[in-house]
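For reference, the structure is listed below as structure tokens.
The values are calculated or read from the model by the stated rules, or taken from the named source; none is laboratory data. Everything numeric in this text was worked out from a predicted model, so none of it was measured. Note that each Cβ is placed from the backbone with ideal geometry, even for glycine, and that neighbours are counted across all protein chains shown.
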Amino acid sequence: MRVKTTDFLPGRYFHIYHHAAQGLQLFRDTADYRICLRIIHDYLNSPDFSMISFCLMPNHYHFFIRQHGECPIYLIMNKVWFKYARYYNKKYEGRDSIFAGKSQGIVI
């Protein structure tokens, strides 16, 4: 079940995950992982969030994050994955979404 935007409140923990579209590999080589980690660091290095843990798999990802501030984590995650998708499509000459549907999240 998707988390409602009104559920993103300070002090809550979230499990956020998403899968690649149509059998794509989100991370094809070490450089892809490195770029993604740099983007994650750039956007999530903030006092508004605590990254508890995360896992980048070849075709999906999982994040366990605590939201401290008023800025909802989904806005930041959207920026992370939009930037990564632009990198990915440029590198691999794609045009379509690299993700299947909308990201999923659970309030923990």
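A few remarks follow.
- Search result, residues across the range 21-55 that are among the hydrophobic types (A, V, I, L, M, F, W, C), more than 19 Å from L75 (Cα to Cα), surrounded by 13 or more Cβ atoms within 10 Å (Cβ to Cβ) and out of contact with any Phe, Trp or Tyr (no Cβ under 6 Å at 6 or more places or on another chain): L24, L26
- For the range 22-49, the tally of residues that are outside any helix (DSSP H, G or I) and at pLDDT 95 or above stands at 5.
- Taking first residues from the range 34-50 that are under 22 Å from G11 (Cβ atoms) and partners that are of a type outside the set (A, V, I, L, M) and assigned to a helix (DSSP H, G or I), the Cβ contacts under 7 Å between residues at least 6 apart in sequence or on separate chains come to Y43/K79.
- The condition of being of a type in the set (F, W, Y), within 13 Å of the chain's Cα centre (by Cα) and surrounded by fewer than 16 Cβ atoms within 10 Å (Cβ to Cβ) does not hold for F14.
- If the condition is being under 13 Å from the mean Cα position of the chain (by Cα) and either in contact (Cβ under 8 Å) with a residue 24 or more places away in the chain or part of a loop (DSSP other than H, G, I, E, B) (or both), then the range 79-99 contributes K79, V80, W81, K83, Y84, I98, F99.
- The number of residues in the range 66-108 that are more than 14 Å from Y17 (Cα to Cα), in contact with a helix residue (DSSP H, G or I) (Cβ under 8 Å, 6 or more places away or on another chain) and of a type in the set (S, T, Y) comes to 4.
- So V3, is it in contact with a Phe, Trp or Tyr (Cβ under 7 Å, 6 or more places away or on another chain), assigned to a loop (DSSP other than H, G, I, E, B) and surrounded by 17 or more Cβ atoms within 10 Å (Cβ to Cβ): yes
- Residue ID - surrounded by the most Cβ atoms within 10 Å (Cβ to Cβ), chosen from residues in the range 69-86 that are farther than 15 Å from D42 by Cα and modelled with pLDDT of 95 or more: A85
- Where a residue in the range 3-30 is on the phi > 0 side of the Ramachandran plot and its partner, wherever it lies, is crowded, with 18+ Cβ neighbours inside 10 Å, with Cβ under 9 Å and at least six apart: G11/Q67
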